[in-house]
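Read the figures in this text as sums done on the coordinates, not as results from a lab. Predicted, not measured: the structure shown is a model, and the values here were computed from it. Glycine gets a Cβ as well: all are built from the backbone with ideal geometry, and neighbour counts include every protein chain shown.
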Amino acid sequence: MNDILQQLAAILEQRKACAEADTSYVASLHQKGLNKILEKVGEEATEAIIAAKELQAGGSREALVGEVADLWFHSMVMLSHLDIDPDEIGACLAARFGISGLEEKASRGQQGKHT
Ligand SMILES: N=c1c2ncn([C@@H]3O[C@H](COP(=O)(O)OP(=O)(O)OP(=O)(O)O)[C@@H](O)[C@H]3O)c2ncn1[C@@H]1O[C@H](COP(=O)(O)O)[C@@H](O)[C@H]1O
């Protein structure tokens, strides 16, 4: 999976320098700007939530997989637009790996008590 994400990230970077909004969806998003990209991220997040609820009620797995792919894709366009390498997200997740979310949250509470 990493491989396809890396390949996609490279294409998204190329599209930033490409003026052909008529032939490239990604170039058109970069040209429309951050607000349009954020609108798409929000729209796709909502669609993924709806598809998840529908799957639980007997709907389609494929629909949810497709909506999450749309969400990841538009999130990657957002990162690219803001010059954030997806490897930074990978490094952030790697740094968290193995640290229980519950422990991490409790340690935040402890830090709060000292300040
Ligand atoms: N992975 C994707 C990808 N996933 C989804 N989409 C597009 O995301 C768009 C948004 O989906 P919607 O259902 O919201 O479409 P819509 O209602 O027409 O969108 P709006 O009018 O609301 O903007 C659709 O046009 C999809 O085709 C993608 N478009 C491109 N890619 C990748 O990006 C590469 C570069 O794409 P281009 O820049 O278009 O060449 C492609 O080779 C692909 O690898």
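Quick look at the values:
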read-out: Segments 17-23, 65-71 sorted - mean Cβ within 10 Å per residue, highest first; value: 65-71, 17-23
read-out: Karplus (6.51, -1.76, 1.60) ³J(HN,Hα), θ = phi - 60°, over the stretch 79-87, in Hz, Gly and Pro reported as x; value: 4, 4, 4, 9, 6, 10, 6, x, 4
read-out: 0 to 90° range, to nearest 10: angle between helix 101-114 axis and the chain longest Cα axis; value: 60
read-out: Relative contact order of the chain, pairs being alpha-carbon contacts under 8 Å that are 6 or more residues apart, as %; value: 22
read-out: Principal-axis tilt of helix 34-56 within the chain, Cα atoms, nearest 10 degrees; value: 70
